[in-house]
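Here's the structure we're looking at; comments come further down.
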Amino acid sequence: FKAAGYRFVWLLILAVVNIPLILITGLFEEVLASFAILVMFQPLILALSGNVATQTLAITLLFLNKEGGSARNLAKREIGAGVISGVVLSVVAGLAAALIAYIIKSPYIWQVGLMIGLSLFLCVAIAPFIGFIVPFTLNKLKIDPSAASGPLITSLVDLIAIIIYFGLATLILGGMI
């Protein structure tokens, strides 16, 4: 019961932390209503950025549990991997989004492709930083990073990804409403 209680406290905290995610999504209601195609790609943006952050979390937890090694080198390596992954994934996703926009006869084929690709690049490039800094910070604060990091990282990455995704949608597509 002790483990369940500890986890429950963190899950309750994270439920509160996710309230801004709901509110921020509501701010972009007009763009979402005008460009329903954005809803199709939201799971992709959230899942890929969350998975990249979780991969970095796993590597960071291994690092924290063994002696030696440079945290700076680990951070550089993971962020570099995120940038490279972001470039590749963004090109593929941007082209796929443009193709889907074409298939569904959207008049904004290239704008949708650009917005999806750029959003994915930024989210996947930023995610490793979150996946590294959260467990590292919790460890420095003497809080067990293995219990708290996963849910906290998921919430933070989702929040950042939604702001990037809908913010870029507003910048790139907002003038077309």
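For every residue, the table says whether it meets (1) of a type outside the set (S, T, Y); (2) in a helix (DSSP H, G or I).
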position: L118; (1), (2): yes, yes
position: L122; (1), (2): yes, yes
position: K142; (1), (2): yes, no
position: A148; (1), (2): yes, yes
position: T154; (1), (2): no, yes
position: V157; (1), (2): yes, yes
- Any idea which of (1) over 11 Å from F41 (Cβ atoms); (2) surrounded by 15 or more Cβ atoms within 10 Å (Cβ to Cβ) is the one A93 doesn't satisfy? (1)
- Message: Residue pairs, Cβ under 7 Å, 6 or more apart or interchain, first in region 133-148 and within 14 Å of T54 (Cβ to Cβ) and of a type in the set (V, I, T), second in a helix (DSSP H, G or I) and modelled with pLDDT under 90. List them.
- Response: V134/S149; V134/L152
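Rundown of residues vs (1) in a helix (DSSP H, G or I); (2) touching a residue at least 24 places away in the same chain (Cβ under 8 Å), yes/no style:
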| site | (1), (2) |
| --- | --- |
| A58 | yes, no |
| F63 | yes, no |
| G69 | no, no |
| A75 | yes, yes |
| G80 | yes, no |
| I84 | yes, no |
| L95 | yes, no |
| I100 | yes, yes |
| W110 | yes, no |
- When (1) at pLDDT below 95; (2) among the aliphatic types (A, V, I, L, M); (3) within 14 Å of T56 (Cβ to Cβ) are applied to I143, the one that fails is (3)
- Message: If I go through region 6-45 residue by residue, how many of them are in contact (Cβ under 8 Å) with a residue 40 or more places away in the chain, in a loop (DSSP other than H, G, I, E, B) and farther than 23 Å from P145 by Cβ?
- Response: 2
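The values are calculated or read from the model by the stated rules, or taken from the named source; none is laboratory data. This is a predicted model, so every value here is computed, not measured. Note that each Cβ is placed from the backbone with ideal geometry, even for glycine, and that neighbours are counted across all protein chains shown.
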